[in-house]
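Input: a single structure, listed below in structure tokens.
The values are calculated or read from the model by the stated rules, or taken from the named source; none is laboratory data. Since the structure is predicted, the reported quantities are computational estimates derived from the model, not experimental observations. Don't worry about glycine lacking a Cβ; one is built from the backbone with ideal geometry, like all the others, and counts go over all protein chains shown. Side chains included, ligands, DNA and RNA excluded: accessible areas come from the protein's heavy atoms. Shrake-Rupley method; radii C 1.70, N 1.55, O 1.52, S 1.80 Å.
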Amino acid sequence: MKTLKDRILKDGKCYPGGILKVDNFINHQMDPILMKSIGVEFVRRFASTSINKIITVEASGIAPAIMVGYLLELPVVFAKKKKPSTMEVTSVYSFTKQRSYDVCVSKDFLAPGDQVLFIDDFLANGNAAKGIMDLVKQAGAELVGMGFIIEKAFQHGGDELRSQGIHVESLAIIESLDNCEIKIR
């Protein structure tokens, strides 16, 4: 997606340790026009997939997931990071925050028979994706695909998910952030 790649190169900021900040247009301050384009592209890429629900993890995945849900006229569920006693739980390690946290989804909103598309802002090591896979499995639902705005190919989460046969679509794939230089595939 050329518009997204151009915006990453123009406004993205690289920090040591493989950190790419896009908080000025994706995951803190958001560009709604770009977010709509991202939603349209995900809809195009998953057009042949049977989906009845979109899922994400709070908070950065909510905006792109809402756009996809709006365009497909489907409900959007987000896994919460604070656990009420009434929800299924799994643990996720955050590369950016360098800590683990529990995420959960109510049984009322993720159930057997659901065909679920996971949408998120970043794919690095794939920990959030694995957490969602666990929640979907616990619910007896089916994961039909995963869409990421940005994939960090050098962290290999995408390779691992694809090797498991998961339909993964990433709109911008970062090859390297070596020497704080953003290299996009």
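The figures follow:
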{"quantity": "Close pairs from region 54-71: first within 15 Å of M30 (Cα to Cα) and open to solvent by 10 Å² or more (accessible area, probe 1.4 Å), partner of a type in the set (A, V, I, L, M) and part of a helix (DSSP H, G or I), Cβ under 7 Å, at least 6 apart", "calculated": "A63/M35; M67/M35; M67/I38"}
{"quantity": "Top-ranked residue in region 23-50 [being in contact (Cβ under 8 Å) with a residue 40 or more places away in the chain and over 15 Å from the mean Cα position of the chain (by Cα); ranked as surrounded by the fewest Cβ atoms within 10 Å (Cβ to Cβ)]", "calculated": "S50"}
{"quantity": "Matching residues in region 145-172 - criterion: being open to solvent by 30 Å² or more (accessible area, probe 1.4 Å) and assigned to a strand (DSSP E or B)", "calculated": "E169"}
{"quantity": "Residue within region 134-141 that is assigned to a strand (DSSP E or B) and either of a type outside the set (K, R) or closer than 21 Å to L4 by Cβ (or both) present", "calculated": "no"}
{"quantity": "Residue satisfying all of: in region 72-83; more than 21 Å from G140 (Cα to Cα) and modelled with pLDDT of 95 or more; most open to solvent (accessible area, probe 1.4 Å) among these", "calculated": "E73"}
{"quantity": "Residues satisfying the stated conditions in region 84-129, i.e. farther than 19 Å from L72 by Cα, at pLDDT 70 or above and assigned to a loop (DSSP other than H, G, I, E, B)", "calculated": "K107, D108, A111, P112, A124, N125, G126"}
